[in-house]
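A.B. asks: If you scroll down you'll find the structure; I have some questions about it.
The values are calculated or read from the model by the stated rules, or taken from the named source; none is laboratory data. On a predicted model such as this, the values are computed, not experimentally measured, just so you know. Here the Cβ is made from the backbone with ideal geometry for all residues, glycine too, and neighbour counts use every protein chain on show.
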Amino acid sequence: MGILDVASVLAEVPMLLKLKRGIKPRPRDTLDCFARRVETNATRFSNRAAIAFEGNEVTWHELNSMANRFAGYLADQGVTKGDTVSVLMENRIEFLATVIALNKLGAIGGLINSNLTGKPLTHCITVTESKKCIFGAELTQNLADAKADLPLAEGQDYLYLSDAASDTPCPNWATDLGTQSRSFDSGNLEQTDSVTLGDNALYIFTSGTTGLPKAAVLSNARFLTTATLVHQAGLRCTEQDCIYICLPLYHGTGLIIGVGAALSSGAKMFVRRKFSASNFLPEVREQGATCLIYIGELCRYLTNSTAGADDHVNPLKAMMGNGLRPDVWMDFKSRYGIKRVTEFYGASEGNASFLNLLNKDQTIGMTSNSVALVKYDVDADEIVKDAQGHCIAVEPGEPGLLLGEITENSAFEGYTDPEATEKKVIRNAFTQGDAWFNSGDLLKVIDVGYTLGYPHYQFVDRVGDTFRWKSENVSTNEVGEIINAHAQVKFCNVYGVEIPGADGKAGMAAITLAEDVEQLDISSLGAHITAELPAYARPVFLRIQPDIDVTGTFKMVKGELRKEAYDLNRVSDVIYVMKPGSTDYEVLTTEFANQLASGQGGY
């Protein structure tokens, strides 16, 4: 342990003490919400830019005024505190104004993945009992195809917002929120004065192990605590900074980490509709972006892109996000000249979070929550327990399933579905009467030098029935249910497999054909999968098996399937692949399998 290492850590102590005071839990009946941060910024930084987007800028005053007009119209249409309103829109200024407007009323924004169509889309709107749906012109068709299955009234409950990048006009079954709200007062609303920390602010959808997306509950308290943490300790930004956000705002990383830090600090946000590697550095330089919100896949993509001799010449000084894997970490920092990487770990619905506050390399950092890493049998997909039925803690350095103790200060806010909430709770894990949140993730403790006595952790892998691909959580059960609905399929077993050079795991489905099917119509199955599943959830590989392997309790066995993956040297069954950019399946050839093995598959 070097003297400089100790000195650099000790230098962080004043900030940590300040942070501890800043995020001290407040009573949940305290009057506060994230919309109040916008109002404060509109006063303190009235004419400073709040958002830059596709050549346009709005100041904090303009953003607050837009949100107030939206909120005024929504209140006039009967939206009140506690109501849920679904939001279906791509990243843009109006998305943020909408979410802020709902928070001003104490209403809950149901943030829907803009990739969803069909059944998953209708599910997300109905499961939250949404009173209305606000949608962007760019996603009109998605909603038009689904509205027949929704309980919302045409011409009344569908609210449209135009998009400069789309020529789709307001349909006759919707009302133009932008036009109708123009006559409403731009001043702050009285309703905001009654919104509390304990009130639910957002529903952020997460794919789980039971099928369709689940709506994770996010309170104002958790949003504001996280925003303060990111602003003061993660990015350490002020109103002088600019935060580069190209992640989807319907997800927690883009919204809570990126937007939250801006709301808390007054920093400007550069918001991108979607990530673009070719535009990344030019925009960072043009906008003077000092902070980057990332996910691991974005960093891997940028690292794999053609390097320039001056890539490190840019204003970026800090970045914060999750999923930056150890094999990319150092190359990315060096290439882009970034000094501070604040990796974090925490699920939208989880009760334990980790943060790399001490700027240690290749770690998700430390936590103040009560957590445990317990033995987990990956092949059997179950927790290992002792003779008394209790969980067993792993040895230091050994991967284990992360559990977060549920306490008054580490509440598990759960989902809108009580049954789904209870399934994530492990009771009597160590002692009678205790309760722990099951993260579904494997972590391990690593040695990163002097850390003020706090152990530091590293993410290892997802377990069970959910995996990440293309920055999205994929539910194996949801995908399996869709594939099983095809007439030629008897049953399928869905799991994630690794592809060299790609972050996350690609979907693979082992399929057993129906009794009367001699030859699979792969075109028909492919069309079914493409129509019913968003691109990120479509299995990359299909393996046709004579039968599905199950345990004595009829639980599908996935361990060996994961190990064999799509290795043609180990698998004699026919394997189909959906190549990048394609919506059709074709037989996996040795040539393409070799490309995948060398990291040249294009995923």
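A.B. asks: Return yes when Phe491 is under 23 Å from Glu382 (Cβ atoms) and over 27 Å from the mean Cα position of the chain (by Cα) and no when it is not.
C.D. replies: When the stated conditions are applied, Phe491 passes them.
A.B. asks: For Gly453, which of the numbered conditions (1) more than 15 Å from Asn322 (Cβ to Cβ); (2) touching a residue at least 12 places away in the same chain (Cβ under 8 Å) fails to hold?
C.D. replies: (2)
A.B. asks: Could you tell me whether any residue of segment 311-318 is in contact with a Cys (Cβ under 8 Å, 6 or more places away or on another chain), in a strand (DSSP E or B) and surrounded by fewer than 22 Cβ atoms within 10 Å (Cβ to Cβ)?
C.D. replies: Yes, the conditions are met somewhere in segment 311-318.
A.B. asks: In the set Leu263, Leu229, Leu218, Leu224, which member is assigned by TED's automatic domain parsing to the domain that holds Cys291 and either in a loop (DSSP other than H, G, I, E, B) or touching a Leu at 6+ places or on another chain (Cβ under 6 Å) (or both)?
C.D. replies: When all the criteria are applied, what remains is Leu218.
A.B. asks: Going by what's in this entry, would Gly234 be described as among the small types (Gly, Ala, Ser), under 30 Å from Ser410 (Cα atoms) and either outside the structural domain of Ser114 (by TED's automatic domain parsing) or touching a residue at least 24 places away in the same chain (Cβ under 8 Å) (or both)? Full working, then the answer.
C.D. replies: Numbers: among the small types (Gly, Ala, Ser): yes; under 30 Å from Ser410 (Cα atoms): yes; either outside the structural domain of Ser114 (by TED's automatic domain parsing) or touching a residue at least 24 places away in the same chain (Cβ under 8 Å) (or both): yes.
Answer is yes for this residue.
Table: residues versus (1) under 28 Å from the mean Cα position of the chain (by Cα); (2) surrounded by 21 or more Cβ atoms within 10 Å (Cβ to Cβ).
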| site | (1), (2) |
| --- | --- |
| Ala137 | yes, yes |
| Gly155 | no, no |
| Ala165 | yes, no |
| Leu177 | yes, yes |
| Asp185 | no, no |
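A.B. asks: Further question: Looking for whichever is at pLDDT 95 or above, closer than 30 Å to Glu481 by Cα, part of a helix (DSSP H, G or I) and not polar (S, T, N, Q) here; the options are Ile100, Ile125, Ile134. Which one fits?
C.D. replies: So the residue among Ile100, Ile125, Ile134 that is at pLDDT 95 or above, closer than 30 Å to Glu481 by Cα, part of a helix (DSSP H, G or I) and not polar (S, T, N, Q) is Ile125.
A.B. asks: Going by the conditions given, is Asp465 buried (at least 23 other Cβ atoms within 10 Å of the Cβ) and among the acidic types (Asp, Glu)?
C.D. replies: yes
A.B. asks: Is it the case, given these coordinates, that Lys147 is buried (at least 22 other Cβ atoms within 10 Å of the Cβ), over 24 Å from Ala42 (Cα atoms), over 21 Å from the mean Cα position of the chain (by Cα) and among the charged types (D, E, K, R)?
C.D. replies: no
A.B. asks: Within segment 579-603, which residues are of a type in the set (Phe, Trp, Tyr) and touching a residue at least 40 places away in the same chain (Cβ under 8 Å)?
C.D. replies: Kept after step one, since they are of a type in the set (Phe, Trp, Tyr), are these residues of segment 579-603: 585, 592, 603.
Of everything in segment 579-603, those that are of a type in the set (Phe, Trp, Tyr) and touching a residue at least 40 places away in the same chain (Cβ under 8 Å) turn out to be Tyr585, Tyr603.
A.B. asks: Does Thr192 fit the bill of being in a helix (DSSP H, G or I), within 30 Å of Ile338 (Cα to Cα) and polar (S, T, N, Q)?
C.D. replies: Here the answer is no, as Thr192 does not meet what is asked.
A.B. asks: Do we find that Ala75 is surrounded by fewer than 23 Cβ atoms within 10 Å (Cβ to Cβ) and more than 21 Å from the chain's Cα centre (by Cα) in this structure? Reasoning before the result, please.
C.D. replies: Working: surrounded by fewer than 23 Cβ atoms within 10 Å (Cβ to Cβ): yes; more than 21 Å from the chain's Cα centre (by Cα): yes.
Considered against the rule, which asks whether it is surrounded by fewer than 23 Cβ atoms within 10 Å (Cβ to Cβ) and more than 21 Å from the chain's Cα centre (by Cα), Ala75 comes out as yes.
A.B. asks: If you check every pair at least six apart or on different chains, which have Cβ atoms under 9 Å apart with a residue in segment 501-525 that is within 17 Å of Phe491 (Cβ to Cβ) and hydroxyl-bearing (Ser, Thr, Tyr) first and a residue that is surrounded by fewer than 22 Cβ atoms within 10 Å (Cβ to Cβ) and modelled with pLDDT under 90 second?
C.D. replies: The qualifying pairs are Thr512/Lys490; Thr512/Phe491; Thr512/Asn493; Thr512/Pro546; Thr512/Asp547; Thr512/Ile548.
A.B. asks: From the list Thr238, Thr226, Thr290, which residue is within 19 Å of Leu63 (Cα to Cα) and of a type outside the set (Asp, Glu)?
C.D. replies: Thr238
A.B. asks: Could you please find all residues in segment 201-221 being in contact with a helix residue (DSSP H, G or I) (Cβ under 8 Å, 6 or more places away or on another chain) and of a type outside the set (Gly, Ala, Ser)?
C.D. replies: Leu202, Ile204, Phe205, Thr209, Thr210, Leu212, Pro213, Lys214, Leu218, Asn220
A.B. asks: What number of residues within segment 391-427 are outside any loop (DSSP other than H, G, I, E, B) and of a type in the set (Phe, Trp, Tyr)?
C.D. replies: Of the residues in that region, 1 qualify.
A.B. asks: Give segment 328-349 a look and list any residue that's over 12 Å from the mean Cα position of the chain (by Cα) and assigned to a strand (DSSP E or B), or say none. Outline the logic, then answer.
C.D. replies: Taking segment 328-349 and keeping what is over 12 Å from the mean Cα position of the chain (by Cα), we get 328-344.
Across segment 328-349, the qualifying residues are Arg340, Val341, Thr342, Glu343, Phe344.
A.B. asks: Gly496 is checked against (1) surrounded by fewer than 20 Cβ atoms within 10 Å (Cβ to Cβ); (2) assigned to a strand (DSSP E or B); (3) touching a residue at least 60 places away in the same chain (Cβ under 8 Å) and fails just one. What number does that condition carry?
C.D. replies: (1)
A.B. asks: Quick check: is even one residue across segment 430-450 over 27 Å from the mean Cα position of the chain (by Cα), in the same structural domain as Val517 (by TED's automatic domain parsing) and of a type in the set (Val, Ile, Thr)?
C.D. replies: Within segment 430-450, none of the residues are over 27 Å from the mean Cα position of the chain (by Cα), in the same structural domain as Val517 (by TED's automatic domain parsing) and of a type in the set (Val, Ile, Thr).
A.B. asks: A further question follows. Which residues, taken from segment 420-447, are of a type in the set (A, V, I, L, M, F, W, C), more than 18 Å from Val394 (Cβ to Cβ) and surrounded by fewer than 18 Cβ atoms within 10 Å (Cβ to Cβ)?
C.D. replies: Val425, Ala435
A.B. asks: Quick check: is even one residue across segment 295-309 part of a loop (DSSP other than H, G, I, E, B) and either crowded, with 23+ Cβ neighbours inside 10 Å or charged (D, E, K, R) (or both)? So that I can check it myself, show each step before the final result.
C.D. replies: Taking segment 295-309 as the starting set, the residues that turn out to be part of a loop (DSSP other than H, G, I, E, B) are 305-309.
Restricting the remaining residues to those that are either crowded, with 23+ Cβ neighbours inside 10 Å or charged (D, E, K, R) (or both) gives none.
Among the residues of segment 295-309, not one is part of a loop (DSSP other than H, G, I, E, B) and either crowded, with 23+ Cβ neighbours inside 10 Å or charged (D, E, K, R) (or both), which makes the answer no.
A.B. asks: For segment 193-200, state whether one or more residues are in the same structural domain as Arg48 (by TED's automatic domain parsing), closer than 23 Å to Leu74 by Cβ, surrounded by 19 or more Cβ atoms within 10 Å (Cβ to Cβ) and among the charged types (D, E, K, R).
C.D. replies: Yes, the conditions are met somewhere in segment 193-200.
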